[in-house]
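Visitor: Sharing a structure with you now.
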Amino acid sequence: MFVGITNTPRDYAWGSRSAIAELFGREPSATPEAELWLGAHPGSPARVIDPTTAGGAETLIDVLGEERLPFLLKILAAASPLSLQAHPTMEQAALGFERENALGIPLDDPTRNYKDAFHKPEIIFALSDRFDALCGFRPVAETRELLAPIADVAAPLLDRLVDDASLPAVFEWLISRGEGVDALIAGVVAAAPAHSDHLAYSTVSLLAETYPGDPGILISLLLNSVSLSRGEVLYLPAGNIHAYLDGLGVELMAASDNVLRGGLTPKHVDVPELLSVLDFTPVPVPYLRPIPVSAGVEAYWPGVPDFELIHVTTDATLTLSADSIAICTAGSFVLSGGEGNTELALGDSVFIAGEPALTIAGDGDLFIATSAAGPRE
């Protein structure tokens, strides 16, 4: 069964007015278009274009009934930095959700951390020629080397940032605005323009312009800075602190709304809970490499059961293990299965149910989000 779906991009303030519109060949929007959600998340479920094709269902939630779609596919367009954030493990989410329910905290309370009992790993596939992000703690030795050109200004930070084991205490000092942090922010921001050829320092200037005086400006110096080229992918697992800064991409995540924020936001920041969720283990930039499937087909699977992203650029035959969602971001495609076919032009998206064998004809960029049955050969 093929069910055409659509949605209206969410107008978060950090969103671009032009990126999604240009991707789909229409005029720029009068308001920000930050995220186009394609899934059954109750926050913004995809709408059925023709309810007669889905038994009268108006949204994807209606189509699924009692079934839960474990993933959420998005087109994300950032024109300014998103908040620093991290997501819990499945165990942390279940415990946190149960705890806040027991405390009687309403689901729409802005101080609530856990909106559901699920984890939220995610990947981002860069569609723009450049996509900037912060992603995970870098080794302290590398950060100390990075700070060497401004050692006089950064001395209070360098004195505390001795080795990798010092990261939790330093992070807590910064996020809590401990003694000397405000003066340190001002000093580092003033020194950054002289070193703007380095991505980490240009990021400091960007964040200072967007969130003046925020401790997240200094926290960014502890993190990996990366500029993805088109087609490169990041994987952000539980506990990884990250922030998207600028760019257009396809984002695929587990269908959850659990976000622990760590700065660069006017929203609630629960420092103790954030510290309990964060993984302070230094990591390299968490690139996710493609798995070749066939000519013109690559899969991105981070090892979680919730989702896999398949990128198709030409004619192909696929075997799907579960309900899926496809969106065409360039060219056009015809999808055929046991129950008919559907044509996807630029910007079209479709929910695919009960079609394990899928034949694809076309040329361009087709992204298919599905649940993962396990590792591909």
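Here, each number is a calculation from the coordinates, and none is a lab measurement. These figures come from a predicted structure and were not determined experimentally. Counting neighbours? That spans all protein chains shown, and the Cβs are built from the backbone with ideal geometry, glycine included.
Visitor: Which number comes out as Rg/Rh for the stretch 1-158 once both Rg and the Kirkwood Rh are worked out on C-alpha atoms? Provide the component values of the computation, followed by the final result.
Guide: Details: Rg = 20.5 Å, Rh = 19.3 Å.
Computed over Cα atoms, the ratio is 1.06.
Visitor: Let me ask something else. I need Arg68, Arg144 ordered by Cβ neighbour count within 10 Å, fewest first.
Guide: Ascending Cβ contact count within 10 Å gives the list Arg68, Arg144.
Visitor: So, in Å, what gap is there between the alpha-carbon centers of the stretch 3-75 and the stretch 204-260?
Guide: Each part's Cα centre sits 23 Å from the other's.
Visitor: Contour minus end-to-end for Val334 and Ser294, with contour as 0.36 nm per residue of separation and end-to-end as the Cα-Cα distance?
Guide: Working: separation 40, 0.36 × 40 = 14.40 nm, distance 1.78 nm.
Length difference between fully extended and current span is 12.6 nm.
Visitor: Treat the count of other C-beta atoms within 10 Å as a stand-in for reagent exposure and order His119, His87, His268 from fewest to most. Walk me through the numbers before you get to the answer.
Guide: Values: His119 22, His87 26, His268 13.
Ordered from fewest to most neighbouring Cβ atoms within 10 Å, His119, His87, His268 come out as His268, His119, His87.
Visitor: Continuing with the same structure: Working out 0.36 nm times the residue gap between Asp182 and Thr210, then minus their Cα-Cα distance, what length gain in nm do you get to one decimal?
Guide: Numbers: separation 28, 0.36 × 28 = 10.08 nm, distance 1.63 nm.
Result: 8.4 nm gained on full extension.
Visitor: Which aspartates and glutamates, if any, have their Cα less than 19 Å from the Cα of Lys267, not counting same-chain residues under 8 positions apart?
Guide: Excluding near neighbours in sequence, the set is Asp11, Glu35, Glu100, Asp108, Asp109, Asp116, Glu172, Glu209, Asp214, Asp257.
Visitor: Let me ask you something else. With Cβ to Cβ distances under 11 Å as the rule, what net charge do the other residues near Pro81 carry (K, R +1; D, E -1)?
Guide: So the surrounding residues net to -4.
Visitor: Oh, and also: Among Leu222, Leu147, which comes first, then next, by fewest other beta-carbon atoms within 10 Å?
Guide: Lowest count first: Leu147, Leu222.
Visitor: Sticking with this one: How much net charge surrounds Asp365 when only other residues with a Cβ under 13 Å from its Cβ are counted (Lys, Arg +1; Asp, Glu -1)?
Guide: Values: positive: Arg230; negative: Glu298, Asp348, Asp363.
Counting the neighbours of Asp365, the net charge comes to -2.
Visitor: Could you work out the Kirkwood radius for the stretch 205-359, taking every pair of different alpha carbons, averaging 1/r and inverting it, reported in Å?
Guide: 18.5 Å
Visitor: Hey, what do the phi angles of the stretch 55-71 turn into as Karplus ³J(HN,Hα) couplings, whole Hz, using 6.51/-1.76/1.60 and θ = phi - 60°, x for Gly and Pro?
Guide: Values, residue by residue: x, x, 5, 9, 10, 5, 4, 5, 4, 6, x, 7, 6, 9, 7, x, 10 Hz.
Visitor: To continue, here is another question. Apply 1/(1 + (r/R0)^6) to the Cβ-Cβ distance of Thr111 and Arg68, taking R0 = 30 Å, and write down the FRET efficiency to the nearest 0.05.
Guide: On the way: r = 26 Å, r/R0 = 0.88.
Approximately 0.70, to the nearest 0.05.
Visitor: Can I ask one more? Can you run phi through the Karplus equation (6.51, -1.76, 1.60; θ = phi - 60°) for the stretch 148-157 and list ³J(HN,Hα) in whole Hz, with x for Gly and Pro?
Guide: Here the 3J(HN,Hα) series is 3, x, 10, 4, 5, 6, 8, 3, x, 6 Hz.
Visitor: How big is the chain by Rg and Dmax over its Cα atoms, in Å?
Guide: Gyration radius and largest Cα-Cα distance of the chain: 21.5, 69 Å.
Visitor: What is the sum of charges around Pro139, taking Lys and Arg as +1, Asp and Glu as -1, for the other residues whose C-beta is under 15 Å from the C-beta of Pro139?
Guide: Result for the local shell: -3.
Visitor: Moving on to the next point. List the lysines whose alpha-carbon lies under 16 Å from that of Lys74, not counting same-chain residues fewer than 8 positions away?
Guide: Straight-line reach from Lys74, under 16 Å: Lys120.
Visitor: Over all pairs of distinct alpha carbons, what does the Kirkwood formula give as the hydrodynamic radius of the stretch 139-224, in Å? Walk me through the intermediate numbers first.
Guide: On the way: mean 1/r = 0.0791 Å⁻¹.
This gives a value of 12.6 Å.
Visitor: Another one. What is the gain in length, in nm to one decimal, between Glu91 and Ala151 on full extension, counting 0.36 nm per residue of separation less the C-alpha to C-alpha distance?
Guide: Here the answer is 17.5 nm.
Visitor: Sticking with this one: Which semi-axis lengths, in whole Å and largest first, follow from the square roots of five times the eigenvalues of the Cα gyration tensor of the stretch 286-377?
Guide: With the √(5λ) rule applied to the stretch 286-377, the semi-axes are 20, 15, 12 Å.
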